Amino acid sequence: MGMVACIPLSWLRCEGQEIVEIAEVAIANIAAPTGKRPNFLIIVADDLGFSDVGCFGSEIRTPNIDKLASQGVRCTGFHAAAACSAMIMTGTDHHIAGLGNLIEFTNYTGWLRFDGEPLTESGKPYDTKPQRGMPGYEGYLNEHVVTLAECLRDGGYRTMMAGKCHLGLKPERSPHSRGFDRSFAMLPGSANHYNYRPEGEIKNGTPQILDTSLICLHSEDGEYIPLDELPKDFYSSNTYGDKLIEYLSEWKEGNKKEGQEDRDQPFFAYLPFSAPHWPLQAPKEYIDHYRGVYDKGPEVLRQKRLAKLVELGLIDKDTEPHPVVDDGRSEAWEEFSDFERKMSSRAMEAFAGMVEAIDVNVGRVLDHLKCIGELDSTFIMFLSDNGAEGAAYEAYPLVRDSMMGHIRKYYNNSLENIGAADSFVWYGPRWAQASTAPSRLYKMFTTEGGIRVPCILKGPGCTSSTDGAIRHEFATVMDIAPTLLDMAGVKHPAPTYQGRQVAPMRGKSMSSWLRGDAPSTHPPDFVYGWEFCGRAAIRRAQWKAVFIPAPKGPHKWQLYDLSKDAGEIHDLAESYPKILEELLVHWDKYVEEVGIIPLHPELGAYLEATEDQMEENAWIEYEYWRPGGLEEPGKFFRNPQRFPDGIAQASVVGVVA
């Protein structure tokens, strides 16, 4: 398996097709708009596991999401990726769109290797330096893509969003600059859900690993919002629900003023929650609903969830679940100390409270749509952006002391306070694997536990198999944009937009499948790839090759038949070497097409970093966490180096034949 040593302009082609041909494929079946066009509401939860809502087997109270499922379609074969929001917004691969890796991970070496990933045979750690400044790794939604919001706005839609938008920090990267008429956006990857900052933390700063994880940085319509001007009762899920309702009300009133009672202007609304991403925090009224529910531990919960998934018809009764992957501790739950068990179960109670808070706000938005007479005219989609978060930061030697010491010093993680604004906890890999079961592993991995997510569809266009139907066909987050554009009668502008070359969509419209005119969105022999932080997968139909580096995997390609082994347990690489070989040919094509810079030689040609890429902490455009950074943003803007397409690297090592 050989790879070239530079990054071509390969987003201009796909499996040998020219860009114009792909654009035509992407917009197939799109007709000119006739009559009233549907509204769109896309709701995304952050790090919600496969079975974390009631209609997918959970004990957590989610009546509003469950009602959506009872009136629509539950999709068990829907897949996301680690940089999901870029793919939702563009309909193409995140490596093309500028989020090949999270900028926090490329900015400094410690982020990637915080789990103690072993060195190579040469004694050198594989890190992200070779990705710094490279095309597709800018760390923001780049100029090579057009957003769904831009397309729909240009097509006559009113566009609005409220929630997390981890797609760039500068005003020119904001949702307002990329197609949203109204936007209230959380810009970092995570933040305190209550806008809480301890005085000591403000004065003394944070450990590097927490720099971009704590401050509640938001913008509205491209303008930064001072922290003290956020709502006094700010709680992320509640505030995002409030804002979206405000924008919907504005849209409705605007239509009335313009004499457009017949809804000449439909809307596209995007509601990406930042929950239940850590820190696990929720209103006490919700957390209290789960007091004592999880006292028997994650394995008991896992078995209950699996049984419920079978009962609901979401998985086959003969499905073999993947064993729980070790979290660095060999003790069973019963062998933990009483205090450890209480701390762990309280964290899970806080997580459940966060999920319930999401559901409450989903219900508020849906009630508002009903109140203004738009619910039945709105195509609604609910999904998670990836699998549950299973990181165990307390076990990672490279960050344990600084991170845990900071949390102990400035936050109150007493038992009764877990889930409050001044607490800071996560729940770890055992609870995560209870919610991703029967699948293997969790977020940030390319196994099914990291990429298979709950998905619900309801509304205009869903004319086949509705009213609580369950469908198992394969689909992905890249299919969202083509689907909405298809329903709206709007063409994607590739190969050019506003005078620049842009990539076509790689996803496919789900419309024919939703109408019952096609058996699935993708052909039976579809090919699809994933890569994130050196974890990789390539799938053709039911066959999937997976590469998981040590310590969570064997550091080699494995092969699974998902039609018989949904848990990815039985490696068939030695039994079917030709199938694996064929899949790796597809992998090479995928790497070239989307511009992946491999972090392991098993994934292609490993590129040594150039001298220009060696500088640490020089790759994030806005260092808002530094003293004065929030008060005078412009002084803390940076212009990181960006290297052109086709850059020649200093050397290439570890090419796999």
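Looking at L630, L583, L599, just one residue is farther than 22 Å from E531 by Cβ, among the hydrophobic types (A, V, I, L, M, F, W, C) and touching a Leu at 6+ places or on another chain (Cβ under 9 Å), and that residue is L630. Regarding the stretch 141-152, can at least one residue be identified that is modelled with pLDDT of 95 or more and of a type in the set (S, T, N, Q)? Yes, the stretch 141-152 contains at least one residue that is modelled with pLDDT of 95 or more and of a type in the set (S, T, N, Q). Note on the stretch 477-499: among residues that are charged (D, E, K, R) and more than 25 Å from G49 (Cα to Cα), the one that is surrounded by the fewest Cβ atoms within 10 Å (Cβ to Cβ) is K491. Screening the stretch 599-657 for residues that are surrounded by 12 or more Cβ atoms within 10 Å (Cβ to Cβ) and part of a helix (DSSP H, G or I) and picking the one that is modelled with the lowest pLDDT gives P601. Out of all the residues in the stretch 609-630, is one or more farther than 19 Å from K129 by Cβ and touching a strand residue (DSSP E or B) at 6+ places or on another chain (Cβ under 6 Å)? Checked the stretch 609-630: at least one residue is farther than 19 Å from K129 by Cβ and touching a strand residue (DSSP E or B) at 6+ places or on another chain (Cβ under 6 Å). Residues that are modelled with pLDDT under 95 and surrounded by fewer than 21 Cβ atoms within 10 Å (Cβ to Cβ) number at least 1 in the following helices (runs of 4 or more DSSP H) confined to the stretch 360-466: 400-410. Remark: pairs (first residue in the stretch 333-358, under 23 Å from S237 (Cβ atoms); second residue among the charged types (D, E, K, R); Cβ separation under 7 Å; 6+ apart in sequence or on different chains) = S345/D295; E349/R291; V355/D52; E356/R61. For the stretch 438-456, the count of residues that are touching a Pro at 6+ places or on another chain (Cβ under 6 Å), in contact (Cβ under 8 Å) with a residue 12 or more places away in the chain and closer than 30 Å to R341 by Cβ is nonzero.
With the checklist (1) of a type outside the set (K, R); (2) in contact with a Phe, Trp or Tyr (Cβ under 7 Å, 6 or more places away or on another chain); (3) part of a strand (DSSP E or B) in hand, flag the one item I470 doesn't pass. All conditions pass for I470, except number (2). Taken over the stretch 89-104, residues that are surrounded by 24 or more Cβ atoms within 10 Å (Cβ to Cβ) and in contact with a strand residue (DSSP E or B) (Cβ under 9 Å, 6 or more places away or on another chain) amount to 6. Considering only residues that are modelled with pLDDT of 95 or more and among the hydroxyl-bearing types (S, T, Y), look in the stretch 79-103 and name the one that is farthest from L167 (Cα to Cα). The selected residue is T92.
Checked against (1) among the aromatic types (F, W, Y); (2) surrounded by fewer than 23 Cβ atoms within 10 Å (Cβ to Cβ); (3) farther than 20 Å from V546 by Cα, F474 passes all but condition (3). Condition check: at pLDDT 95 or above and either closer than 15 Å to W625 by Cβ or in contact with a strand residue (DSSP E or B) (Cβ under 9 Å, 6 or more places away or on another chain) (or both). Does L248 satisfy that? Yes; evaluated as a whole, the condition is true for this residue. Screening the candidates W513, W530 for the property of being buried (at least 20 other Cβ atoms within 10 Å of the Cβ) and touching a Gly at 6+ places or on another chain (Cβ under 9 Å) yields one hit, W530. Residues in the stretch 55-68: is at least one buried (at least 24 other Cβ atoms within 10 Å of the Cβ), of a type in the set (A, V, I, L, M), closer than 21 Å to Y270 by Cα and more than 17 Å from the chain's Cα centre (by Cα)? Yes. Counting only strands (runs of 3 or more DSSP E) that fall entirely inside the stretch 138-244 and contain at least 3 residues that are touching a Phe, Trp or Tyr at 6+ places or on another chain (Cβ under 6 Å), the qualifying elements are 158-164. Under 30 Å from Y396 (Cβ atoms), acidic (D, E) and at pLDDT below 95, is that true of D327? Here the answer is yes, as D327 does meet what is asked. Per the conditions (1) buried (at least 22 other Cβ atoms within 10 Å of the Cβ); (2) closer than 29 Å to Y410 by Cβ; (3) aliphatic (A, V, I, L, M), the sole criterion not satisfied by L230 is (1). Kindly indicate whether T76 is at pLDDT 95 or above, on the phi < 0 side of the Ramachandran plot and under 24 Å from the mean Cα position of the chain (by Cα). Judged against the criteria, T76 is a match.
The values are calculated or read from the model by the stated rules, or taken from the named source; none is laboratory data. Given the structure is predicted, the values throughout are model-derived calculations rather than measurements. We place every Cβ from the backbone using ideal geometry, glycine too, and count neighbours over all the protein chains shown.
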